[in-house]
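Visitor: So that we are looking at the same thing, I have put the structure below in structure tokens.
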Amino acid sequence: MKKFTLSATVAASLALFAGAATAQVTDALVVEGTTISTSAPAADWLDIDQVLSGWSFRTVETRALQMDDFDNPGMIFVDQAIDDWSTVDGTEGKSCSSCHTDGPEEFAGLRAELPRWDEAQGKMMNMEDYINLSRVEHMGAEPWKWAKPRMDAMVALISLQSRGMTINVAIDGPVADAWEQGREIYYTRVGQLDMSCANCHEDNYGNMIRADHLSQGQINGFPTYRLKNAKLNSTHARFSGCMKNIRAEPFAVGSEEFRALELYVASRGNGLSAEGPSVRN
């Protein structure tokens, strides 16, 4: 595994200590009878041999929270989204259930493919895009803001329908340019600490950064309930938080830059299972 050398300033700020090269977790993630793949062979274009879920890098106690829906604090937000699912909103007098009469289960498999190119819309779409498309065009309702509680909860409800399904995000065809942009962002050093996503999540996963066990930064488990801030966190909110941690000015949530980064990072997890809502530190 590649390692990078931190500057004296970064080393003093982050206090990076050597740890296990891999997560060394032997127990399996099984939730409500569904077995979830937390490791898979890496794509040949990655500089790592194996992709590992962030679940593998958490403490025994945190991992246990995700293994039982009753204990998983993220499921509280799923329950809130179920209420929103059947709530009428907008000028058309409709709710989500008005069109999707079979319930959220209609979207089984969707989370495992996102972001993806949508021919009808003529652009790359992610979960938030699809939710707001339905709200605006079908319900006549106002779009929800990204990285806000109601949006994150609905993303969690729909993502849950794909639990255990294999992540299979396309990177070619119409999304190829966005994928390349996301890859460039992933490897570009930014901020006062002069770091990139890869410095932590490719070169140093398995090491300790202060009290945190660095993972590969996979997003197959998003949205995720973070014990640190006691709420559900979206993918773009986590990107923003990471950039702030390295003293960089983050791109806007929902921006083209973060959309491209989401596509690239999602594709790095191809072969893992969809987990959301997951539990992290």
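Visitor: Give me the mean projected area, in nm² to one decimal, of the convex hull enclosing the Cα positions of the chain.
Guide: Computing the convex hull of the Cα atoms and averaging its projections yields 14.2 nm².
Visitor: Turning to a different aspect of this structure: With +1 assigned to the C-beta of every Lys and Arg and -1 to the C-beta of every Asp and Glu, and no other charges, what is the dipole magnitude of region 106-197 about the Cα centre in debye, to the nearest 20?
Guide: Roughly 380 debye, rounded to the nearest 20.
Visitor: Please identify which residues in region 235-265 have an amide N closer than 18 Å to a label point set 7 Å out from the Cα of D47, following the Cα→Cβ vector.
Guide: Hits in region 235-265 for D47 at 18 Å: 264-265.
Visitor: May I pose another question? Place a point 7 Å from Cα of E61 in the direction of its Cβ. Which residues in region 264-281 have their backbone N less than 15 Å from it?
Guide: Residues 280-281 qualify, since their backbone N sits under 15 Å from the label point.
Visitor: Residue farthest toward the positive end of the dipole of region 84-123, with Cβ of Lys/Arg at +1 and Asp/Glu at -1: which of S98, A120, W85?
Guide: Checking the options against the dipole of region 84-123, the answer is A120.
Visitor: So if each residue of separation counts as 0.36 nm, and I subtract the Cα-Cα distance between T34 and Y187, what length gain in nm does that give?
Guide: Extending this stretch completely gives an extra 51.6 nm.
Visitor: Given H placed on each backbone N at 1.01 Å, which residues far from L272 in sequence or on other chains put an amide H within less than 5 Å of it?
Guide: Residues meeting the criterion, in which the H sits 1.01 Å from N, are I167.
Visitor: Quick one: Cα centre-to-centre distance for region 112-191 and region 54-91, in angstrom?
Guide: Spelled out, the Cα-based centre of one part sits 19 Å from the other.
Visitor: Quick one: what do you get for region 37-155 if you divide its Cα Rg by 2.2 N^0.38 Å?
Guide: So region 37-155 has a normalised radius of gyration of 1.29.
Visitor: Dipole size in debye (nearest 20) for region 75-160 around its Cα centre, Lys and Arg Cβ +1, Asp and Glu Cβ -1?
Guide: Using Cβ point charges on Lys, Arg, Asp and Glu, region 75-160 gives about 240 debye.
Visitor: Still on this model: Quick one: which residues, 5+ away or cross-chain, put their amide H under 5 Å from the amide H of N281? H built at 1.01 Å from N.
Guide: L227
Visitor: Hey, quick one: spin label on D177, modelled 7 Å out along Cα-Cβ, who in region 259-281 has an amide N within reach, i.e. under 18 Å?
Guide: Taking a point 7 Å out along Cα→Cβ of D177, the residues of region 259-281 whose backbone N falls under 18 Å are 259-264.
Visitor: Beyond 12 Å, what percent of the Cα pairs of region 159-211 remain?
Guide: 76 percent
Visitor: Report, in debye and to the nearest 20, how large the dipole of the chain comes out about its Cα centre when Lys and Arg carry +1 and Asp and Glu carry -1 on their Cβ.
Guide: Dipole magnitude for the chain comes out near 1080 debye.
Visitor: Name the residue from G241, F258, Y225 whose Cα lies farthest towards the positive end of the charge dipole of region 224-271, charges +1 on Cβ of Lys and Arg and -1 on Cβ of Asp and Glu.
Guide: The residue sitting farthest along the positive end of the dipole is Y225.
Visitor: Label D79 and D102 with points 7 Å out from Cα along Cα→Cβ: what is the distance between them in nm?
Guide: 2.8 nm
Visitor: Report, as a whole number in µm² per second, the diffusion coefficient that Stokes-Einstein gives for region 123-281 at 10 °C and 1.306 mPa s using the Kirkwood radius over alpha carbon pairs.
Guide: 97 µm²/s
Visitor: In addition: For region 36-133, what is the relative contact order in percent, using Cα pairs closer than 8 Å and at least 6 residues apart in sequence?
Guide: Relative CO of region 36-133 lands at 10 percent.
FYI, it's all coordinate maths here, none of it is from the lab. Just so it is clear, the model here is predicted, and its values are computed rather than measured. Neighbour counts run over all protein chains shown; Cβ positions are idealised from the backbone, glycine included.
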